[in-house]
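To keep things clear, I will list the structure first and then write my remarks on it.
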Amino acid sequence: MPTIKTKTSLTEGVGLLRNYLQILLQEAINKINQDGEISLPSLPTIRIERSRSSEHGDFASPVALGLARVCGRNPRQLAQRLVSCLPPSEKVESAVVAGAGFINFFMTARAFQGEIPEILAQGNRYGCATIGEGRPVQIEFVSANPTGPLHIGHGRGAAYGASVAALLEAIGYAVHREYYVNDAGRQMDILATSVWLRYLELCGEEIPFPSAGYRGDYIWDIAASLRREESNAYRASREEVMGSGTSDNDDQEAHIDALVGTAKALLGKDRYQIVMNRALAMLLNDIRDDLGHFGVHFDHWYHERRLVENSAVDLAVRSLDEAGYVYEQDGARWFRSTAFGDEKDRVLVRENGQTTYFASDVAYHLGKLERGFQKLIDVWGADHHGYVARLKAALQALGKDPSSLAILLVQFVSLFRGKERLPMSTRSGEFITLRQLRKEVGRDAARFFFIMRKHDQHLDFDLELAKSQSADNPVYYIQYAYARICSVLRQLGEKGYLWDRRQGEQNLHRLCEPHELTLLKSLSRYPEVVESAAVEHAPHQVAFFLRELANDFHAYYNAHTFLVEEDSMRNARLALIIATRQVVRNGLDLLGVSAPDTM
RNA sequence: GCGCCCGUAGCUCAAUUGGAUAGAGCAUCGGCCUUCGAAGCCGAGGGUUGCAGGUUCGAGUCCUGCCGGGCGCGCCA
């Protein structure tokens, strides 16, 4: 019989209790496998779960159920056999077979008490893992067009992307955060022209503003700065501007395109470029500043222009062509994405010779892989879902593995003020910006609320709830737990005590009240939660965990006094709540939410 | 019409990716402050997981068909 190797041995570091139990089961399976009782060519994956109900112990494994199927044996009998082969352990109180053949583990109090020194020793690093093994991962998020301020939807993408990035970093990936700046397409022309038209209005020209232009107030601000800087040097008359003959009443898109042409002609290439660059710079600064205050930072801002200028886009199109997936039709060049399951083929080069946004995106993603990232993550608004198939198709056509790119779609946000739903229209520039939201509810509540739901769920964001400083508000509930612990420690000093960490760690066996065990068990779950949330790109799991942890702490607080007279007990309890404080802070940190000492 | 996502307590959402008796928070009702912060704690009620089939030891989760909602379906980005 083959000996199945175990990754780690029992004598090595403790690590997660879950992994520890996994090893125990491995030993048991190995034993009966070597005895010839069962015959396994390779080790099955041994799943260990936290029991949902305390009646089922602390951990449970369904491994015998799967194994029984393979071996053609009775699951309960096999489970019983495994239990009898488990190596003895001081961490396991008992292991029993239950239900269809589950193995339930009841742990000793000591097993959980042992987590406290780990937390205190690791501090900010507690919960981190090395699964990523330093592999480079690139995560692209927000990437809003620089044609206006960020709105609520971008806020959700920003909060989500930032938390996923933090989680991946926590489990050992080398994370590179990137914002893709769409500064090369038609939208930029419309932006530049919108600014110029407002500038002309400021100069006193009465020109009707095109409905396809950007109408937001921020356009006035940019125009005003242009006028301050350049005075009337960019002025043209109403007659010159309106001379193209198109009308806003006929075809709004054609009209704006004509105005763009007029702007380019009247200003000349250099001055037109200055207007565009000024608008772009101001908007990007605004976005960068906004995100900075939101606690969201990027390692790199990647400009689409760069792809155009260094011919990466042309190269990508040529590569697709050489792979045999490009053809010409109606004067345009098409990518045969239907060969990879897309609904229809997509244009790469337009009839007018200009490459499409899609062509840039192919080049951009190809470049990401060529820069050495093995794992790519894109966070997109759900309205872009139709885009997934074509981008993956392009990667596949270029000989890349499409599964190296994970596209996470973030659903829309509906804003509520209590029961009242706030209208969100992007047209006419009347939408609530991220900045307004941040100023109204604060960064902490905004960050927390945005990640509280799974990314593929619609999010109802209640401004009143986010602002309320009450138990209804989960952010305050969690922060309050943190502040309460800080407050206890202040009281400690006022009473003339000092926390004796060593004595505390030596008396952890004193922590055996039900409330204490509940809290200890929750604390030990934290590394498991971080790992799961990271692997599944699901920061909401951290939010739910913190809520439960805070609840366990508040319950403990109400049931017992920490600052008791007896030194050994006091120091043990302080060790527990200081460890709790550490875990709350680590969790909040992953979510970009602050941990205040007082509230 | 076609494609993708979603449908779980009155409301907003979880559910260890196929595991045991589907759980939280609001809201409702009832208790707990002379005490380390009541921004807190404890308890109660509330469910045919949209509907109907199927797959298996086992389904909220997987497959099929309906019903209802959201989003896409440009030589825009």
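The values are calculated or read from the model by the stated rules, or taken from the named source; none is laboratory data. Every value quoted in this text rests on a predicted model; they were computed, and no experiment measured them. Heads up, the Cβs are rebuilt from the backbone with ideal geometry, glycines too, and the neighbour counts pull from every protein chain shown. These accessible areas exclude ligands, DNA and RNA; they are computed on the full protein's heavy atoms, side chains included. Shrake-Rupley method; radii C 1.70, N 1.55, O 1.52, S 1.80 Å.
Note down the Stokes-Einstein diffusion coefficient of segment A:303-454 in µm²/s, whole number, using a Kirkwood radius over alpha carbon pairs, 10 °C, and 1.306 mPa s. D, rounded to a whole number, is 88 µm²/s.
Restricting segment A:11-118 to trypsin sites (Lys or Arg not before Pro) that sit in a DSSP loop and have at most 15 other Cβ atoms within 10 Å of their own Cβ leaves A:Arg47, A:Arg52. Full extension of the chain segment joining A:Gln457 with A:Asp472 gains 3.3 nm, where the gain is 0.36 nm per residue of separation less the Cα-Cα distance. Please work out, to two decimal places, the log10 of the ratio I(q)/I(0) at q = 0.05, 0.07 Å⁻¹ from a Debye calculation in which every Cα of chain A carries one identical scatterer. Once normalised to I(0) and log-transformed, intensities are -0.32, -0.59.
Within the accessible area of segment A:17-107, the carbon and sulfur atoms contribute 47%, probe 1.4 Å, all protein chains present. Hull volume per residue, based on the alpha-carbon atoms of segment A:472-591 and their convex hull, is 102 Å³.
The value given for segment A:419-541 is a Kirkwood hydrodynamic radius of 18.4 Å, derived from the mean inverse Cα-Cα separation. Relative to the longest principal axis of the Cα atoms of chain A, the long axis of helix A:514-535 lies at roughly 40 degrees.
Do any of A:Lys91/A:Lys495; A:Lys344/A:Lys454; A:Lys419/A:Lys454; A:Lys269/A:Lys344; A:Lys419/A:Lys439; A:Lys91/A:Lys375 go past 27 Å between their Cα atoms, and which? Beyond 27 Å between Cα atoms: A:Lys91/A:Lys495; A:Lys344/A:Lys454; A:Lys269/A:Lys344; A:Lys91/A:Lys375. Solvent exposure of chain A, expressed per residue, is 46 Å² of accessible area, with all protein chains present and a 1.4 angstrom probe. Seen from every direction in turn and averaged, the convex hull around the alpha carbons of segment A:324-410 projects onto 5.8 nm². For segment A:480-522, with all protein chains in place and a probe radius of 1.4 Å, 49% of the accessible heavy-atom surface sits on carbon or sulfur.
Counting only Cβ charges, +1 for Lys and Arg and -1 for Asp and Glu, the dipole size of segment A:11-126 around its Cα centre is about 340 debye. Annotation for A:Asp299 and A:Asp314: the two label points, set 7 Å from Cα along the Cα-Cβ direction, are 3.1 nm apart. For segment A:210-295, the extents of the C-alpha atoms along the principal axes are 48, 29, 19 Å, listed from largest to smallest.
One-quarter of the Cα convex hull surface for segment A:375-484, in nm²? Here the figure is 9.5 nm², rounded to one decimal.
Rounded to the nearest 20 debye, the dipole size of chain A about its Cα centre is 1460 debye, using +1 on the Cβ of Lys and Arg and -1 on the Cβ of Asp and Glu. When the alpha carbon coordinates of segment A:72-156 are projected onto the principal axes, the ranges are 67, 41, 27 Å, largest first.
Computed across segment A:17-107, the Kirkwood radius stands at 12.9 Å (inverse of mean 1/r, all Cα pairs). Every helix of 4 or more DSSP H residues in chain A counts as -39500 (n - 2.57), and over all residues that averages to -16500 deg cm²/dmol at 222 nm.
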